[in-house]
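Colleague: One structure coming up, written as structure tokens, with questions to follow.
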Amino acid sequence: MVPSGGKKVKRGILQRLDAGEVVIGDGGFVFALEKRGYVKAGPWTPEAAVEHPEAGASIVGVNCHFDPTISLKTVKLMKEGLEAARLKAHLMAQPLAYHTPDCGKQGFIDLPEFPFGLEPRVATRWDIQKYAREAYNLGVRYIGGCCGFEPYHIRAIAEELAPQRGFLPDASEKHGSWGSGLNMHTKPWVRARARKEYWESLSLASGRPYCPSMSRPDAWGVTKGTAELMQQKEATTDQQLKELFQKQKFKSS
Ligand SMILES: [Zn+2]
């Protein structure tokens with residue numbers, strides 16, 4: 001497929017979704033819409049999707065805090081909630097690009113590695129292609145990513161869904177799908193990896209034999225309700241820090 005960059009005509013997101021287009025999104029876009037009053041964070045699923053039908057949400061979905069697998073499970077609950085309430089809305093998914101099967105109900109912010117030690121959890125481009133396909137098959141048409149997503153992850157979504165979208169992204173001009181660029185490699189055994197079957201079925205090693213595969217989330221409570229998780233405008237006091245250092249010391253011992 002030849003990269004065409006898609007249609008250049010500017011249209012609103014709802015126009016595009018109503019027309020059956022697959023829209024690729026980014027967490028920052030949703031935050032910008034939230035600031036302008038177009039996005040409202042709901043409480044929990046599937047209630048969030050159906051609790052206020054009078055509000056008339058045109059798009060419902062999840063953004064950030066959880067990995068692609070958990071996010072799509074959640075969108076599935078929302079979809080079932082909408083169907084049971086006979087409501088119609090477009091579905092959106094914008095997960096993390098980190099694997100977080102071990103996180104608690106607050107998502108990745110509870111993990112001890114948050115926010116500067118998350119790299120061992122980064123999804124590969126192949127993980128993201130799989131996610132994009134599963135999201136599409138679930139009926140999600142606003143498919144994107146939030147924290148941890150890099151440009152190559154977004155490109156992976158666009159390449160996976162190129163048959164449905166009808167074009168490849170501009171970024172594919174410098175990149176062949178499914179490792180096809182390796183056809184030019186001078187080592188034959190690397191050249192042999194220029195195919196979908198290789199990357200699709202590869203069982204990835206983490207390369208960290210001394211690391212556990214899972215962490216224990218802090219599970220200190222939830223942001224709404226637990227005093228030490230409340231956001232505060234003023235600087236954290238020495239006394240607050242002292243108490244928190246104690247907790248961290250306990251955790252690492
Ligand atoms: Zn995020």
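The values are calculated or read from the model by the stated rules, or taken from the named source; none is laboratory data. Note that the structure is predicted; figures quoted are calculated from it, not measured. Cβ placement follows ideal geometry from the backbone for every residue including glycine, while neighbour counts extend to all protein chains displayed. Surface accessibility is based on the protein's heavy atoms, side chains included, excluding ligands, DNA and RNA. Shrake-Rupley method; radii C 1.70, N 1.55, O 1.52, S 1.80 Å.
Colleague: Setting aside same-chain residues fewer than 8 positions from K79, which aspartates and glutamates have a Cα under 15 Å from its Cα?
Modeller: Leaving aside aspartates and glutamates fewer than 8 places away in the same chain, those within reach of K79 are E47, E51, E134.
Colleague: Amide H to amide H under 5 Å from G25: which residues, 5+ apart in sequence or cross-chain, H placed 1.01 Å off N in plane?
Modeller: Answer set, sorted by chain and number: I143, G144, G145.
Colleague: Starting from the 7 Å offset along Cα-to-Cβ, what nm value, one decimal, do you get for the label separation of Q240 and E80?
Modeller: Inter-label distance under the simple model: 3.9 nm.
Colleague: Just by accessible area at a 1.4 angstrom probe, what is the order of D170, D127 from largest to smallest?
Modeller: Listed by decreasing accessible area, they come as D170, D127.
Colleague: Using θ = phi - 60° and the Karplus form 6.51 cos²θ - 1.76 cosθ + 1.60, what ³J(HN,Hα) does each residue of the range 12-27 get, whole Hz, x for Gly and Pro?
Modeller: Taking θ as phi minus 60°, the curve returns x, 4, 5, 4, 5, 5, 4, 7, x, 6, 8, 9, 9, x, 9, x Hz for the range 12-27.
Colleague: Oh, and also: By accessible area of protein heavy atoms, probe 1.4 Å, what ranking do T69, T74, T100 get, highest first?
Modeller: T69, T74, T100
Colleague: What list of ³J(HN,Hα) couplings, whole Hz, do you get for the range 116-123 from phi and the Karplus terms 6.51, -1.76, 1.60, once you set θ to phi - 60° and write x for glycine and proline?
Modeller: Using θ = phi - 60°, the values come out as 9, x, 8, 3, x, 9, 4, 6 Hz.
Colleague: Can you pull out the chymotrypsin sites (Phe, Trp or Tyr not before Pro) in the range 58-113 whose DSSP state is coil and whose Cβ has at most 15 other Cβ atoms within 10 Å? The partial results should precede the final answer.
Modeller: On the way: sites: F66, Y98, F108; in loops: F66.
Nothing satisfies the criteria.
Colleague: Right, next: Check the straight Cα-Cα distances from K130 and name the aspartates and glutamates below 18 Å, setting aside those fewer than 8 residues away within the same chain.
Modeller: Qualifying aspartates and glutamates at Cα under 18 Å: D26, D67, E150, E159, E160, E197, E200.
Colleague: Here is a follow-up. Step through the residues of the range 172-184 one at a time and calculate ³J(HN,Hα) from phi using the Karplus curve (6.51 cos²θ - 1.76 cosθ + 1.60, θ = phi - 60°), rounding each to whole Hz and writing x for Gly and Pro.
Modeller: Per residue, the Karplus-derived 3J(HN,Hα) values read 6, 4, 9, 7, x, 5, 6, x, 5, x, 5, 4, 8 Hz.
Colleague: Averaged per residue, what accessible surface does the range 12-175 expose to a 1.4 Å probe, in Å²? All intermediate terms of the calculation are to be shown ahead of the outcome.
Modeller: Working: 8540 Å² over 164 residues.
Heavy-atom accessible area per residue stands at 52 Å².
Colleague: To continue, here is another question. Tell me which residues come under 5 Å, amide H to amide H, from L168 once H is placed; ignore anything under 5 positions away on its chain.
Modeller: S4, G5
Colleague: Please list, or write none, the lysines whose alpha carbon is within less than 27 Å of the alpha carbon of K247, excluding same-chain residues fewer than 8 places away.
Modeller: Within the straight-line cut-off, K247 pairs with K105, K224, K233.
Colleague: Something else: Compute the distance in nm between two label points, each set 7 Å from the Cα along the Cα-to-Cβ direction, one at F31 and one at R11.
Modeller: Reported label-point gap for F31 and R11 is 2.9 nm.
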